[in-house]
Structure formats: structure tokens, C-alpha cells
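Bear in mind that the values in this text are calculations on the coordinates, not laboratory data. Keep in mind that what you see is a predicted model, and the values were worked out from it rather than measured. Every residue, glycine as well, gets a Cβ built from its backbone with ideal geometry; the counts of neighbours run over all protein chains shown.
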Amino acid sequence: MLTAITREVSPSIDRCELTHRQRVPIDLNLARSQHREYEDALAGLGCRIVRVPLEPDLPDSVFVEDTAVVLGNLAVITRPGAESRRPETASVAEALRGYRELAFIEEPGTLDGGDVLHVGARVYVGLSGRTNEAGAEQLRRLLMPRGYSVTSVPMEGCLHLKSAAALVTVCVLLVNPERVDPGVFEGLSFVHVDPAEPDAANALRIGGDIIFPAHHPRTLEKLLERRIRVTTVDVSELAKAEAGVTCMSLVFTT
Ligand code: GLY
């Protein structure tokens, strides 16, 4: 069975971190209804939803992906690159403790889960404004004995590696080549985002399906041409907080 950890949108989301977007007002009710639609999409694809407690004073706390990396029987609790986000990890660690052995990224390492892309036993870590070499090295030391390779990946122009590349089938990577060099990902074939939709390289793969934002229609068309099964969600209000569809859940087998 698949479990998806999620968290309701914080009433303070208007004060979220922003790196590559201008701040605009966020309609909390709309953001919350879009988030419920997203949870419904996860449930429709077979996930059991486990909500961790609402964090009224942590603006970015809906983006649970950044707080942990779950691989095999291990959950690595991250040390997010944005200081304002570090208190988000405690409740997620508490939830994951029931399912996985825990390990922790420690100072001076920083790591956001959104920077970690795994393709089978190959793990790619984006060196972003949030994730540093020390964080990537700590992840490498935790994962290598468990049979994973860990490769640091340079990237630019976006918040996280998974704003630049995301797996859409077992061997096809959706990628924005302006943000990351596709050549670093060995053995995969590629779908490039439509150039008019630079933020479209984020998709959430659940088994043989993906969840994908409806507000990237040109890239959606390319995915459908490849016969990829897509559940679209309207996450346009959440995108104002620099969200992608992967950011709002932590999905793992139970
Ligand atoms: N607003 C999402 C982030 O900066 O982490």
C-alpha cells in the first residue's frame, strides 16, 4: 500500500519563502481547496493520506516533501536550507518514526527533499540555494551502504532540482534543459518542457501514473503524446508560493 504524508495549508502561507517568484496575495480558501483536490488525486491513485498537524506559524509547512527523504527502510530527516523551515521537520519525523528507521542531516549540512531525485538506486542531489555539498555528502554516507549511488548535480534558475527535472515513467525524465543538464542523468530518455512553460518540469509519479498541474497545458500535451497517464490538478494558487506537485506530499510504501 502507498501512504502519502500531507499537511493542511498554513494560514500564514502569505509569508512563505520566495526565491524566484514575486510575492502576490494568496487566497487561503482557494489554496486549501486546491490542496484538498490534490489530496483527492493522491487518494484516487491509491494513496492513504496521513495528515501531520497544521502549523499555523510555519508559512511553508504544506511543502512536506522538503522535510524528509524516504528510501528503502530509511527516512532521512532533512535540515532545510531556509532557516524559517527548520521547525517543520519535527512533526514529520514523529509521523515517519512509525514506518521507518530515522537518520538526520546535521549542521553544517543543509538539504531540502525537493532537491533529491531518485531513479531506482541512483540518487541525484541538486546543489541549489537550499542544499549544500555537506548535506549531499551526509546523504551519500547514509545511502551508499544501502546500495544507492549519490551524485551531486549543478543546477540554476529554480528553487529545487525537482523544479528542473522529474521522473514521469520508470525511464523517462521530464526536464527543463535550461535549468539542469540532461546529460547527467544516465540511461533515461527525455521529454523537454515547452519553452513557454519553464516551471513545468515537476510531476509526481505514483505507480504508472503522474499528477501534473493543469496550468502547464503545452507540456501536458507532450506528456499525453507519449501516452503517459496523467491526473491533472489545479494548483495555480499554491504555485504563487513557489510550489510544485511533488512538494506537497511524501509518498512511500507501507
Ligand atoms: N515557498 C517554498 C519555499 O521557498 O520553500
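Which residues, counting only those in region 169-196, are assigned to a loop (DSSP other than H, G, I, E, B), touching a residue at least 40 places away in the same chain (Cβ under 8 Å) and crowded, with 16+ Cβ neighbours inside 10 Å?
Those that are assigned to a loop (DSSP other than H, G, I, E, B), touching a residue at least 40 places away in the same chain (Cβ under 8 Å) and crowded, with 16+ Cβ neighbours inside 10 Å: THR169, VAL180, PHE185, LEU188.
Find all pairs meeting these conditions: Cβ atoms under 9 angstrom apart; at least six residues apart or on different chains; first residue within region 17-46 and among the aromatic types (Phe, Trp, Tyr); second residue crowded, with 18+ Cβ neighbours inside 10 Å and in a loop (DSSP other than H, G, I, E, B).
Partner pairs satisfying both residue conditions: TYR38/VAL235; TYR38/VAL245; TYR38/MET248; TYR38/SER249.
Could you say whether any residue in region 143-158 is more than 16 Å from the ligand (Cβ to nearest atom), hydrophobic (A, V, I, L, M, F, W, C) and either buried (at least 22 other Cβ atoms within 10 Å of the Cβ) or in contact (Cβ under 8 Å) with a residue 40 or more places away in the chain (or both)?
Initially, region 143-158 is screened for residues more than 16 Å from the ligand (Cβ to nearest atom), giving 143-154, 156.
Narrowing the set further to residues that are hydrophobic (A, V, I, L, M, F, W, C) leaves 143-144, 150, 153.
Remaining after also requiring either buried (at least 22 other Cβ atoms within 10 Å of the Cβ) or in contact (Cβ under 8 Å) with a residue 40 or more places away in the chain (or both): 143.
Scanning region 143-158, I find at least one residue that is more than 16 Å from the ligand (Cβ to nearest atom), hydrophobic (A, V, I, L, M, F, W, C) and either buried (at least 22 other Cβ atoms within 10 Å of the Cβ) or in contact (Cβ under 8 Å) with a residue 40 or more places away in the chain (or both), so the answer is yes.
With (1) more than 30 Å from ASP209 (Cβ to Cβ); (2) buried (at least 18 other Cβ atoms within 10 Å of the Cβ); (3) in contact with a helix residue (DSSP H, G or I) (Cβ under 7 Å, 6 or more places away or on another chain) as the list, and GLN138 as the residue in question, which single condition is left unmet?
(3)
Looking at the structure I just gave you, is SER236 in contact (Cβ under 8 Å) with a residue 24 or more places away in the chain and of a type in the set (S, T, N, Q)? So that I can check it myself, show each step before the final result.
Details: in contact (Cβ under 8 Å) with a residue 24 or more places away in the chain: yes; of a type in the set (S, T, N, Q): yes.
When the stated conditions are applied, SER236 passes them.
Could you list, in sequence order, the residues of region 68-108 that are of a type in the set (Val, Ile, Thr) and within 14 Å of the ligand (Cβ to nearest atom)? Even if it seems obvious, please write down each step before you answer.
As a first pass, look at region 68-108 and keep what is of a type in the set (Val, Ile, Thr): 69-70, 76-78, 89, 92, 105.
Within region 68-108, THR78, THR89 meet the criteria.
Restricting the search to region 176-227, which residues are under 27 Å from GLY44 (Cα atoms), of a type in the set (Val, Ile, Thr) and touching a Gly at 6+ places or on another chain (Cβ under 9 Å)?
ILE206
Which ones in region 80-135 are of a type in the set (Lys, Arg), out of contact with any Asp or Glu (no Cβ under 9 Å at 6 or more places or on another chain) and crowded, with 17+ Cβ neighbours inside 10 Å? Full working, then the answer.
Step one: filter region 80-135 for residues of a type in the set (Lys, Arg), giving 85-86, 97, 100, 122, 130.
Subsequent filtering for residues that are out of contact with any Asp or Glu (no Cβ under 9 Å at 6 or more places or on another chain) retains 86, 97, 100.
Answer for region 80-135, where residues must be of a type in the set (Lys, Arg), out of contact with any Asp or Glu (no Cβ under 9 Å at 6 or more places or on another chain) and crowded, with 17+ Cβ neighbours inside 10 Å: just ARG100.
Within region 18-131, which strands (runs of 3 or more DSSP E) (wholly inside it) include 1 or more residues that are under 26 Å from PRO213 (Cβ atoms) and of a type in the set (A, V, I, L, M)? Please lay out each step first, then the result.
Numbers: elements: 47-52, 68-71, 74-77, 101-104, 116-119, 122-127.
Counting at least 1 such residues, we get 47-52, 68-71, 116-119, 122-127.
How many of the residues in region 1-23 are buried (at least 18 other Cβ atoms within 10 Å of the Cβ), farther than 16 Å from ALA82 by Cα and either within 12 Å of the ligand (Cβ to nearest atom) or of a type in the set (Lys, Arg) (or both)?
3
Among GLU55, GLU37, which is away from the ligand (no atom under 13 Å from the Cβ) and surrounded by fewer than 18 Cβ atoms within 10 Å (Cβ to Cβ)? Talk me through it step by step, then tell me what you get.
Working: GLU55 fails: surrounded by fewer than 18 Cβ atoms within 10 Å (Cβ to Cβ).
Of the residues listed, the single one that is away from the ligand (no atom under 13 Å from the Cβ) and surrounded by fewer than 18 Cβ atoms within 10 Å (Cβ to Cβ) is GLU37.
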